[in-house]
Structures are given as C-alpha cells and as structure tokens.
1. Is the range 183-296 rounded, prolate or oblate when judged by the Cα gyration tensor, a ≥ b ≥ c being the square roots of its eigenvalues, rounded requiring a/c under 1.5 and prolate requiring a/b larger than b/c?
2. List every DSSP H helix in the chain whose Cα atoms extend 15 Å or more along the helix's own long axis and whose mean Kyte-Doolittle hydropathy is at least 0.5.
3. Sort 163, 431, 243 by Cβ crowding within 10 Å, fewest neighbours at the top.
4. Round to the nearest 0.05 the FRET efficiency obtained for residue 276 and residue 504 when R0 = 41 Å and r is the Cβ-Cβ distance.
5. Would you please give the FRET efficiency between residue 223 and residue 180, computed as 1/(1 + (r/R0)^6) with r the Cβ-Cβ distance and R0 = 60 Å, to the nearest 0.05?
6. With labels modelled as points extended 7 Å from the Cα through the Cβ direction, what inter-label distance (nm, one decimal) is found for residue 118 paired with residue 476?
7. About the Cα centre, and with charges only on the beta carbon of Lys, Arg (+1) and Asp, Glu (-1), how big is the dipole of the chain? Nearest 20 debye, please.
8. Expressed in nm to one decimal, what extension gain is obtained for the pair residue 496 and residue 161 from 0.36 nm per residue of sequence separation less their Cα-Cα distance?
Amino acid sequence: MTGAATLLSDVFGFDAFRPGQEEIVHAVAEGENVLAIMPTGGGKSLCFQLPALMREGVTVVISPLIALMRDQVRALQEAGVSAGALTSGNTPEETDAVWEALERGELKLLYMAPERLAAGSAMGMLRRIGVSMIAVDEAHCVSQWGHDFRPDYLRIGELRRTLNVPLAAFTATADIETQAEIVQKLFDGQPPRAFLRGFDRPNIHLAFAAKDGPRAQILNFAAARKGQSGIVYCGTRAKTETLAQALREAGHGAIHYHGGMEAEDRRIAERRFQQEDGLIVVATVAFGMGIDKPDIRWVAHADLPKSIEAYYQEIGRAGRDGAPAETLTLFGPDDIKLRRSQIDEGLAPPERRTADHGRLNALLGLAEALDCRRKSLLNYFGETDATCGNCDLCDKPAEVFDGTTAVRKALSAMLRTDEWFGAGHLIDILLGNRTDKITQRGHDSLPTYGVGTEYDKRQWQAVFRQMMGHDLIRPDPARHGALRMTDAALPILRDEATINLRRDSIRSAGTNRRPAV
Ligand code: ADP
Ligand code: ZN
C-alpha cells in the first residue's frame, strides 16, 4: 500500500495536508465509518479520493451535482487515476467505457448520481464489482428538513447495508439536527467516527519575524525554551547539520534529520526524538509524517515554508497534548525568491503553478499580516469565527504607516530600468550609490537616481520584501530573478490606491541610521 504522503504529492501535487485532512484520510483508508464536517473549500474531495487509491477495489462516490462530478472525474483522469461517472448527462459511449473499465477491474473511483441508485440494475452491478467503500459528498442532502433534500439520498443507507462496506460522509453543514439525521439515515443510527472539530489549535502561539541574523534568532528562541522538545525546520539539508551543531555548542541536545540520510539513521533519529526528553531535531520537511509525539513544545522555521498548507501542518506538530506550545517562522526576501523559483522551475503544469503561487502568496500575506494571524490563517481555510489572543500581533499590534510614496519610488526604479534588475541594484539607484554597474549603465542619470535617501539599504530591503509579500512584485525566472511588477501594483502606480507597510522593519530615517562613513 502506497503511503498517504507519497500519494498526496505524486498524484495530487500537494506538499502538505490541509487542516483535518490527514486524520480523516487515515480513518477512511483504514475502513472506519466516518462523518466529516469541513468548511466549503476546505478540501473534502481529497479525503475520499486519496483513501480510494490506498484501498483495494472501487470506491463509489455519491454526489448530487453532475457538473461537480464531471470536474472531479476529469481532474482525476488528468492526474492518471482511473475514474468514471454514471450520470444522466453521459453519452452512451461514456457509459459503455465506464462499464468496461469496471468489468476489467480497473476503475478506482466510480461517481454516481443518487438517482442511479433507484434502478435495480445499479444495485446488482455494484454487488458484483467489488466495492471497497462508499463516499457520500454533500451528505446533508439526506436531511428531510434541510433545503437541499434529495429523496434518492435515502437509498444510500440501503446500499451500505447491501454491500456491507464502510461509508464516509462529508458535508459543510454542521448543525446538530443535520448531523443526527445523517447518522440515522446513512449509518442506521450507529455513530460513525466523527470529525466535527474546528481546525483551530488555540494552544499554539503563532509568530513570524523577518530574518535579521537568522541563526542568532533561532538560538535565542531555543535558549528561552531550554530543555523542551522542539523542531527546527530548515530549507536545505546542509543547514540542518550546521544548525544542529550550533545548537549543541549552545548546550542543547540537538540532532539533525533529512531525506538524504540512510534509512537506518533516520529511524534512530526518530526514535531518539520520540523517547528522549527535551531533544531538538533540526530537520527538512522530510521529518514529521508519522511522528506521534504529543509534547512537542515548539516549532521554529529557520526558512519560510512552501505554502500556507505546509506551514499549518508543520506548526501543527507542536502541542498535540493541548498544553501551550510556541512557534516562530522566519522569512526574508531570499526565501520568497527561492520558493517562487522552485514553483516556476518545477515540472507542474501551468494551472498548478498558478495555484502554487497563490498558496505561497497566502503564506506571505500571513507573514506580513497587519492584525491577528490566527484569523487570517483560519479564514484561508474557511473558518470565519475564530478568536485568538494567542499570536504575536494580538500580543502587540503591528504599527503601520502609509508606505505609498516609498512603494511608488521602488516601482518607478523598476520601470525606469525596464524591469531587468533585482532589489540590490534597484536600491543602489534609489540611494544614489555610484557603483560600477550604475555608471556603466548610465543609471545615475535616471530621474529616480538618489530619490530614496530617506531610507537606508536595510529599510529598502524591507520595503521590497513587503512588496513581495503583498504580491506587487515578483522575480521573473526568465530574467534571472529580475523583479517585475504584477497587476496588483497598477492601482498604486496610478494613484488610485494607497498601501500600508509595517513600521517595525522600516523605522523612519534619522532614528536608526548610522552616520555615513
Ligand atoms: P470542498 O469540497 O471541501 O469544498 P475541494 O475538495 O473542492 O473542497 O477543495 C478545495 C480546493 O482546495 C481545491 O482547489 C483543491 O485542489 C484544494 N486542496 C485540497 N487539498 C489541498 C491540499 N492538501 N493542499 C493544497 N490544496 C488543496
Ligand atoms: Zn491573534
């Protein structure tokens, strides 16, 4: 049986589970009866599609919406999964093809409209083909009191009894009456394993910081938590080794872990982390799946994770016991550049790349958030009624200022040089530095030359980073990472919008500028 994590990335192209998915996938794959309530857009379909691939035989998916079924079948087929649908919208050829695939035992997912269950022939067919489980999408349609009632959903209970296979029911409708009705009608009143919790992990403190001497930042964070179990995630294998070494030199128990290690060494590291008290593991993302240690007290990211999903999953390894746990995620312009180029240079098809940029943007938005991080995070996953009081911005709100002028100057420096340069050179232009590159290219005669002396280099770096965080600019891989403007920047350039920047990394000139030497 292929592991869930491998299928998640190889078939679906995702780097991490979303909140709730991992637990649900495991329960469904193990053949438990499941009722899962997830917000719309939370990623329900993966919770039956992935287990379907882990189990022998066909998974029957009952779904009320023909268009949605067809979309899902097409997406699965594109990902190389054998899936088909039996709906009233089929052409006879399509229906024949589905039957043939079923007879040959090739189909992994069979989508059916509930109306199909009314035909006696369908029941007979399903009995013959070796159904391994039933997944019911939009399970609230079984509720007679709800507005989406579909009488044919009442046949699903009979189908489950006839086939005697596990059933997993999914819905976004969480009220108690509907839940009770689902349990009654689909599970004959036998309570299934229920996943009804929200995705919030209120005991986990969330914090981000711009990189500013990152090694010292991690060492300080660990020093304040000496003797507690923690994980430091790094972007590269080499860094796990050097950072673990630095932590040991600072008197911590620390080991490294990455995918390039021998399987046996990895097992030893995992076992030590599980068993020893207060050990720190410095790891790549290869570490974590299958680690079941409830008392991990902190998780730090020495480099920015890949996506908002990866972030949630990685910090979610802390504080499983419910006791307070802390996190710190560091980020800098190089991380953003690296993550963008990983997406652009990857082999994924264009739509997936656009989606990947979107997931990275969501994380950058969280990094540069102006108020409560938990609210932004849970909002992204569809939960809108979160309360917090347990993140760095609830502790101490970010100070903001109107950064429109600074952003316009930066954009202007980019446009005057035809978007062919990176932040370093653009900052030299803004500061009026007379470097060789500047004089060779005649950039000292640009109108933007020297217009940015109110800030120093570090402050301009922070402006560019925040502009990336707001997705106003992106490095273009086709131009060796030169910064280019996105459409989101147009309104600012045209004077139609203003933009707030965080003050913490851009303190005003005069207060912290070192005298020129
Ligand atoms: P729902 O049925 O819960 O409304 P979907 O199953 O349609 O939601 O998923 C919503 C979106 O989330 C889809 O675009 C899907 O590709 C994406 N998605 C699902 N799981 C993940 C994941 N683990 N990582 C990234 N994106 C995901
Ligand atoms: Zn908060």
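No value in this document is a laboratory result; all are computed from the given coordinates. These numbers come from a predicted model, not from an experiment. Glycine also receives a Cβ, built like all others from the backbone with ideal geometry; neighbour counts cover every protein chain displayed.
1. In terms of gyration-tensor shape, prolate.
2. 44-54
3. 431, 163, 243
4. My answer for the efficiency is 0.65.
5. With a Förster radius of 60 Å, E is 0.70.
6. So the label points at residue 118 and residue 476 sit 5.8 nm apart.
7. 1380 debye
8. Numbers: separation 335, 0.36 × 335 = 120.60 nm, distance 6.21 nm.
Full extension of this stretch gives 114.4 nm more.
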